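> Got a structure for you, questions after.
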Amino acid sequence: MKQSNLREYFRPKTLDEALSILNSYEGEIKIIAGGTDMLADDHKEIEALLDIDQLGLNYIEKADGYIRIGSATTYTEILNSDEIYENFRAIWDSASVVADKSIRNIATIGGNLGSAVPSGDAIPPLYALDATLVIKTTTEEKKVKPEDFFTGPRKNILKKGEILKEIQIPYSDGAFGSDFEKIARNSVDLATANIAVFVKIDEDKKISDARIALGAVAPTVVRADKLEKAVIGTKAEEEKLEEIVKAVEDVISPISDVRSSADYRYKVSRVIAKRAIMKAYDRAIGK
Amino acid sequence: MILMSQKYKVNFTVNGDQYERYVEAGETLASVLRVELGLTGTKVGCDRGDCGACTVIMNGKAVKSCIIPALKADGAEIQTIEGVADENGLHPIQQEFVELAAVQCGYCTPGLIMASKALLDENKNPTEEEVREAIGGNICRCTGYEKPVQAILKAAKKLNGECL
Ligand SMILES: Cc1cc2nc3c(=O)[nH]c(=O)nc-3n(C[C@H](O)[C@H](O)[C@H](O)COP(=O)(O)OP(=O)(O)OC[C@H]3O[C@@H](n4cnc5c(N)ncnc54)[C@H](O)[C@@H]3O)c2cc1C
């Protein structure tokens, strides 16, 4: 919708130019990438927008041992990437269930991190896949882990004059698999709960490493560290998991809201944990 | 005193015609299409990206024009419902919507047609699931989705030259 108090709109062509506008603008200035989160409401406090869609920040590139995803990469671009599908499946899966196609055509992965809502679908995969976020300022490039980036509902560490530049995710060796699951009331809704799981297996097909992150069930996405430890050595057997997944309850602190009761979120977190671990495992063994 | 905001120049192509307009910084693409260009076929329902009535095609992709800043569309190529029919008449999607009565009140129809046109432009032979995915962001509260889905699938066949 119309931004009723907006006075200026900047759409620079380079990252340096963008940073210098952010630093020199005196009033309330906000970055927009796709704008799908920003324009869903009238932000009366905002006087200027800095559109970053011309900075060349939409890319998916292989680097030495990791992949680089530009912050302004759209979900549609992610879904068109075989590299992501093959190696970072949880990201691909999450991109496939964000909003609807006409939003995915323009909404970006960086915008999801910028919004920092606890239900953001792009976020749990970044915890599970051990991503690093690269933040650019005029003077430096800072690297932070998702754990240190999100500080609360709709809050992250980004300050004025900082742009999230890219996301780096390490390639895994050996046999591995990942998955993302989302519970929502309908196909375009925000998540009631979501989860991303990454597992690696050894020669005996037992889980040797696991990373599990849940969203929409705490002020920020949370790692289920106890559960991660508990699945190691298993073959993701359903009966075993029924018991083990109770460990998610130690790390989540869900609220009741229009989407769901806290009680339901407790229960469904266990269900999606089991589902996602089994799927990630099946992918790791090549099933 | 409320400061009048500065106006910015925006250039874009709509249905093949080049336009230049001066718009406020906070204006949306939907509003420029409707108010500045008089192309009121693009509807605004929720005005916050949920309902899909305002769907247009921008640079080949379906987007919701109520959450696109007009200035983001600078330099873009846009298609609206007014540009779907050509000198030969209605587009096959439109024909099938009429044929199957996939329309009741009609408010969501332009959005549904733009979302499905974007799909058929890039995928000539979509599955039913792909059709449902493409119109997943278009809310209809009276006809339902069954007839629009059938109409889009039939239009795809027609575009592929299949006899029906
Ligand atoms: C109908 C609808 C359905 C939706 N469904 C979902 C859903 O299912 N799941 C979900 O997770 N989200 C959903 N969303 C929310 C939104 O689409 C996503 O969060 C999307 O990823 C936002 O990306 P964007 O590029 O449009 O963000 P923008 O609106 O451009 O920006 C969002 C925030 O991030 C900041 N920002 C953006 N890029 C950067 C950057 N590079 N550096 C620093 N700050 C930055 C902006 O300042 C702003 O605060 C939905 C939105 C709509 C309108």
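The values are calculated or read from the model by the stated rules, or taken from the named source; none is laboratory data. None of these values were measured; they are calculated from a predicted model. Please note: Cβ atoms are built from the backbone with ideal geometry, for glycine as well, and neighbour counts cover all protein chains shown. Just the protein is used for accessible areas: all its heavy atoms, side chains included, with ligands, DNA and RNA removed. Shrake-Rupley method; radii C 1.70, N 1.55, O 1.52, S 1.80 Å.
> Hey, what does the equivalent ellipsoid look like for segment A:1-156, semi-axes from the Cα gyration tensor as sqrt of 5 times each eigenvalue, largest first, whole Å?
Working: eigenvalues 131, 65, 46 Å².
Semi-axis lengths for segment A:1-156 are 26, 18, 15 Å.
> Listed highest first by mean packing, meaning other Cβ atoms within 10 Å per residue, what order do A:56-67, A:24-35 come in? It would help to have the intermediate numbers written out before the result.
On the way: A:56-67: 14.1, A:24-35: 18.2.
Ranking, from highest mean packing down: A:24-35, A:56-67.
> Summarise the accessible area of the protein assembly as shown (1.4 Å probe, protein heavy atoms) by the percent that is carbon and sulfur.
About 48 percent, which is the carbon plus sulfur part of the accessible surface.
> Then there is this: Can you tell me the order of B:83-96, A:127-140 when each peptide is scored by its average per-residue count of other Cβ atoms within 10 angstrom, highest first?
Those peptides, ordered most packed to least, come out A:127-140, B:83-96.
> Return the sequence-ordered ³J(HN,Hα) values of segment A:50-65 in whole Hz as given by the Karplus equation 6.51 cos²θ - 1.76 cosθ + 1.60 applied to θ = phi - 60°, using x for Gly and Pro.
With the stated coefficients, segment A:50-65 comes to 10, 7, 9, 6, 9, 8, x, 8, 9, 7, 10, 10, 7, 10, 6, x Hz.
> Can you tell me the order of B:23-31, A:12-20 when each peptide is scored by its average per-residue count of other Cβ atoms within 10 angstrom, highest first?
B:23-31, A:12-20
> How well do other chains shield peptide B:133-144, expressed as the mean number of their Cβ atoms within 10 Å of each residue Cβ?
Per residue, the number of nearby Cβ atoms from other chains is 3 on average.
> Here's another thing I want to ask about it. Once the dipole of chain A is set up with Lys and Arg at +1 and Asp and Glu at -1 on Cβ about the Cα centre, which of A:Thr36, A:Val188, A:Gly114 lies farthest towards its positive end?
Among A:Thr36, A:Val188, A:Gly114, the one farthest towards the positive end of the dipole of chain A is A:Val188.
> In Å and on Cα atoms, what radius of gyration and Dmax does the protein assembly as shown show?
When restricted to Cα atoms, the protein assembly as shown yields Rg and Dmax of 23.0, 74 Å.
> Just counting partner chain Cβ atoms within 10 Å, what average do the residues of peptide A:93-101 show around their Cβ? Intermediate values should be presented prior to the final figure.
Values: counts 0, 0, 0, 1, 0, 0, 5, 14, 14.
Going residue by residue through A:93-101 and averaging, the value is 4.
> Still on this structure, I have one more. Whole number in Å², please: accessible area per residue of chain A, 1.4 Å probe, ligands, DNA and RNA not counted.
42
> Let me spell out the model: positive unit charges on the Cβ of Lys and Arg, negative unit charges on the Cβ of Asp and Glu, origin at the Cα centre of chain B. What dipole size does that give, in debye rounded to 20?
320
> Which whole number gives the average count of other chain Cβ atoms within 10 Å of the Cβ atoms across peptide A:34-45? Please report the intermediate quantities before stating the final value.
Working: counts 4, 6, 6, 2, 2, 12, 8, 3, 3, 1, 1, 0.
Neighbouring Cβ atoms belonging to other protein chains average 4 per residue here.
> Output the 0 to 90 degree angle, nearest 10, between the alpha-carbon long axis of helix A:15-24 and the longest principal axis computed from the alpha carbons of chain A.
Result, in degrees: 60.
> Shifting gears a bit: What's the total accessible area buried between chains A and B, using a 1.4 Å probe, rounded to the nearest 100 Å²?
2400
> Taking the Cα centre of segment A:65-176 as origin and charging only Cβ (+1 Lys, Arg; -1 Asp, Glu), how large is the dipole, in debye to the nearest 20?
Working: 13 positive and 15 negative charges, 116 e Å.
Value, rounded to 20: 560 debye.
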